[in-house]
Every structure is written in structure tokens, then in C-alpha cells.
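Undergrad: Pasting a structure below so you can have a look.
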Amino acid sequence: MKKILMLATGGTIASRQTEAGLTPVLTSEELMSYVPEVGGFCRFDTRQLLNLDSTNIQPEHWLLMERAIEDAWDKYDGFVICHGTDTMAFTAAALSYLIPDSPKPIVVTGAQKPIDMPVTDARTNLSDAFRYAVYPGARGVQIVFDGKVILGTRAKKTRTKSYNAFSSINYPYLAIIQDGRVLPYIERHGRAEPVFHRELDDKVALLKLIPGTSAEILSYMLEKCDAVVIESYGAGGVPYHEQYHFFDEIDKWEGQGKTIVMTTQVPNEGSDMTIYKVGHEIKERYGLIEAYDMTLEAAVTKLMWALALAKDRAGIKRLFYTPVDHDLLYPIDTEGNS
């Protein structure tokens with residue numbers, strides 16, 4: 001039987017009710033006691049890496065997860081990470097860049113209700129995560145939740161309470177899990193040998209545009225950070241009017257070596273800044289990086305990864321536009337053209 005390492009980080013799955021609300025308190029061993037069937041199809045060890053509500057997860061914790069997997073790599077056939085749902089998609093995306101195209105499965109799961117409740121999705125999700133981790137075709141980073149296997153770079157939490165909390169954005173499900181069986185839709189291909197990255201630049205901010213947003217906010221963010229992701233409307237662009245001064249601020253800060261990435265608030269189909277004047281002119285003038293069909297979670301974490309690896313604009317742009325684990329549906333050249 002394959003041997004799997006389970007890393008517990010907290011989240012709803014490990015929570016109990018307190019006067020202040022649900023709080024992660026259950027240990028990794030306690031979690032596994034609720035899924036005794038797992039011992040029938042694999043061997044496993046557990047490690048309590050963290051015990052946090054995932055709202056408290058930070059980039060430093062992604063590096064901790066990466067290092068735990070790297071240190072244990074030769075001893076295990078795969079890895080399961082128990083995690084809170086609120087930032088799970090960010091974690092899955094970050095691990096996709098820290099361990100790109102992993103030849104072994106790294107499965108992230110959690111629950112909408114604690115595992116010790118009489119009615120919960122936790123036991124099924126945790127058992128399914130192990131079933132996928134031992135599946136012969138499993139590799140790379142994915143979320144297993146509600147019987148669905150979602151690519152780590154394509155996952156997004158789209159419901160706050162329902163069991164089907166996660167959706168796969170602009171990419172099909174990799175597989176479904178029914179009655180204890182993995183039914184694959186897409187076969188994965190990983191590297192022959194793993195690659196591990198141990199650095200992220202977390203000085204990345206997000207500016208979500210709303211009508212009336214001032215360019216001064218963008219300026220403040222770029223003063224404090226190395227890069228900003230602008231989450232724009234529709235196909236992508238910024239207000240095209242003198243009173244907003246976005247062009248002036250972008251020109252100033254890009255001239256000082258800061259990085260700006262444009263994405264869209266619309267979850268599906270992605271951006272295309274060439275369609276409208278509000279996007280086309282600013283992209284042509286300043287060569288802005290565009291996220292296209294990437295999820296916000298992938299765009300943010302990939303930018304942190306690229307900033308840590310490359311210190312010049314051309315290098316950052318090249319890394320961002322290089323597809324990693326299907327985060328972009330088609331290759332983009334360094335000028336941002338498909």
C-alpha cells in the first residue's frame with residue numbers, strides 16, 4: 001500500500017464550538033480517528049503543522065507547508081493537507097508554484113462543518129482526499145472537496161456555507177469521486193523529479209476597482225508594495241478620464257520598477273484588454289501584465305513567486321506568462337500576446 005503524509009493546519013474541519021465561535025482545536029490524530037477506513041487502503045502518518053482558522057494563513061505558512069513536504073518527500077508517495085476553506089484556493093495555488101508540476105500528489109481538503117458533528121461533509125472529504133492521493137494517476141496540486149477534484153491553479157471558493165463550496169474556473173474537473181472510486185476525466189503529467197522553491201515576495205497588494213476609486217489609492221499601494229494586482233471590470237481596463245489620473249500613476253510607478261498586473265472581477269472567461277479603449281491604450285502604452293483566464297488566487301500567488309525569482313521587469317513578465325500546471329490555457333509571449 002502507498003504511504004501518505006497528512007499535514008494538519010486547522011480550519012473548520014478541526015474546529016469545535018466555543019463561546020467565541022468555531023475554533024480549530026482537534027489534532028491530526030483526532031481527525032484521522034474519524035476516518036478509520038483510510039487505513040484499509042493506505043498507510044499514513046500525520047503531522048500537526050499549524051492549527052489556525054484559515055483567515056489567519058499567511059505566505060509564511062505556505063513556505064512552511066512547502067518545506068514540510070520537501071523534507072518528507074522521499075518517505076511518502078503523496079501528501080494530504082487539511083486546511084480551512086476560506087484561503088484554501090490561495091494555498092493550493094501557492095503550492096502549485098512552490099512545487100510546480102509535482103510528480104507526487106499534493107491534495108488539499110477541508111470541510112464546511114467540523115468533523116465531530118453528526119452531520120458533516122468532513123469525513124467524506126478527508127477520506128476522498130486520501131483516495132485520490134493513492135490513485136495511480138494522481139500528481140500535482142489539487143483540491144478534493146464535495147466529490148470533485150479541482151486543479152490547484154483553478155480552484156475558487158464560490159459558496160460560503162454549502163458543501164459544494166469550490167468551483168473549477170475556466171478548466172474542467174480533473175476527476176470525481178463516487179462510492180469510494182476515483183473516476184478520472186483528465187490524466188495528469190508531472191515532472192520526473194520535483195522542483196522546490198523556498199521564497200515568495202509577499203509585498204503584493206490587490207486593488208479592486210469600484211466606481212469612484214481614486215488613483216491615489218493605487219499610488220499608496222505601490223509606495224508600500226513591490227506589485228499591485230488591479231481587479232478591474234469586465235474584459236479589463238482602468239477609468240479613462242483626466243480626473244482619475246490612473247495613467248499618470250501607472251507611468252510613474254512602473255518607471256520606478258514596480259509591477260502592475262491587470263485582471264478582471266468576473267470569474268469566468270478571463271480578461272482581454274484589447275477589446276475596449278479603456279484597456280487597449282493603457283496596455284499598449286505601458287505593456288501591463290495581464291492575467292487573462294487565471295484565477296485571482298493564481299495571479300496573486302504566481303506574482304509573489306515570480307517577484308522572488310526575478311528581479312527585473314522582463315524576468316517577472318516572462319515567468320508570469322509561462323504556464324504552470326495549466327494556470328493559463330495558452331502560452332503568452334513576453335509582450336502579452338497569445
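Undergrad: What number goes with the only condition from (1) over 28 Å from Gly190 (Cα atoms); (2) touching a strand residue (DSSP E or B) at 6+ places or on another chain (Cβ under 8 Å); (3) free of Cβ contacts under 8 Å to residues at least 60 places away in the same chain that Leu26 does not pass?
TA: Tallying (1) over 28 Å from Gly190 (Cα atoms); (2) touching a strand residue (DSSP E or B) at 6+ places or on another chain (Cβ under 8 Å); (3) free of Cβ contacts under 8 Å to residues at least 60 places away in the same chain, Leu26 fails exactly one: (3).
Undergrad: Next question, about the same structure. Could you tell me how many of the residues in region 280-311 are among the acidic types (Asp, Glu), surrounded by fewer than 24 Cβ atoms within 10 Å (Cβ to Cβ) and closer than 19 Å to Pro100 by Cβ?
TA: 1
Undergrad: Within region 161-184, does at least one residue satisfy the condition of being touching a residue at least 60 places away in the same chain (Cβ under 8 Å) and among the charged types (D, E, K, R)?
TA: So far as region 161-184 goes, no, none of its residues is touching a residue at least 60 places away in the same chain (Cβ under 8 Å) and among the charged types (D, E, K, R).
Undergrad: Kindly check whether there is at least one residue in region 89-97 that is over 18 Å from the mean Cα position of the chain (by Cα), surrounded by 15 or more Cβ atoms within 10 Å (Cβ to Cβ) and assigned to a helix (DSSP H, G or I).
TA: At the first step, the residues of region 89-97 found to be over 18 Å from the mean Cα position of the chain (by Cα) are none.
Looking through region 89-97, none of the residues is over 18 Å from the mean Cα position of the chain (by Cα), surrounded by 15 or more Cβ atoms within 10 Å (Cβ to Cβ) and assigned to a helix (DSSP H, G or I).
Undergrad: Within region 216-227, does at least one residue satisfy the condition of being out of contact with any Gly (no Cβ under 6 Å at 6 or more places or on another chain), in a loop (DSSP other than H, G, I, E, B) and exposed (fewer than 14 other Cβ atoms within 10 Å of the Cβ)?
TA: no
Undergrad: For region 228-236, state whether one or more residues are of a type in the set (D, E, K, R), surrounded by 17 or more Cβ atoms within 10 Å (Cβ to Cβ) and not assigned by TED's automatic domain parsing to the domain that holds Thr120. Spell out the reasoning first.
TA: Taking region 228-236 first, the residues of a type in the set (D, E, K, R) are 231.
Next cut, surrounded by 17 or more Cβ atoms within 10 Å (Cβ to Cβ) only: 231.
Going one step further and asking which of them are not assigned by TED's automatic domain parsing to the domain that holds Thr120, we end up with 231.
Within region 228-236, one or more residues are of a type in the set (D, E, K, R), surrounded by 17 or more Cβ atoms within 10 Å (Cβ to Cβ) and not assigned by TED's automatic domain parsing to the domain that holds Thr120.
Undergrad: All but one of (1) in contact with a strand residue (DSSP E or B) (Cβ under 8 Å, 6 or more places away or on another chain); (2) farther than 29 Å from Gly39 by Cα hold for Val195, so report the exception by its number.
TA: Going through (1) in contact with a strand residue (DSSP E or B) (Cβ under 8 Å, 6 or more places away or on another chain); (2) farther than 29 Å from Gly39 by Cα one by one, Val195 breaks only (1).
Undergrad: Any chance you could count how many residues in region 228-252 are touching an Asp or Glu at 6+ places or on another chain (Cβ under 8 Å) and either hydrophobic (A, V, I, L, M, F, W, C) or closer than 19 Å to Phe320 by Cα (or both)?
TA: Within region 228-252, residues that are touching an Asp or Glu at 6+ places or on another chain (Cβ under 8 Å) and either hydrophobic (A, V, I, L, M, F, W, C) or closer than 19 Å to Phe320 by Cα (or both) number 2.
Undergrad: Within region 13-23, track down each residue that is surrounded by fewer than 23 Cβ atoms within 10 Å (Cβ to Cβ) and either assigned to a strand (DSSP E or B) or in contact (Cβ under 8 Å) with a residue 24 or more places away in the chain (or both).
TA: To start, the set of residues in region 13-23 that are surrounded by fewer than 23 Cβ atoms within 10 Å (Cβ to Cβ) comprises 16-23.
Residues satisfying the conditions are Arg16, Gln17, Thr18, Gly21, Leu22, Thr23.
The values are calculated or read from the model by the stated rules, or taken from the named source; none is laboratory data. Just so you know, these numbers come straight off a predicted model, no measurement behind them. Cβ: placed from backbone, ideal geometry, glycine included. Neighbour counts: every protein chain shown.
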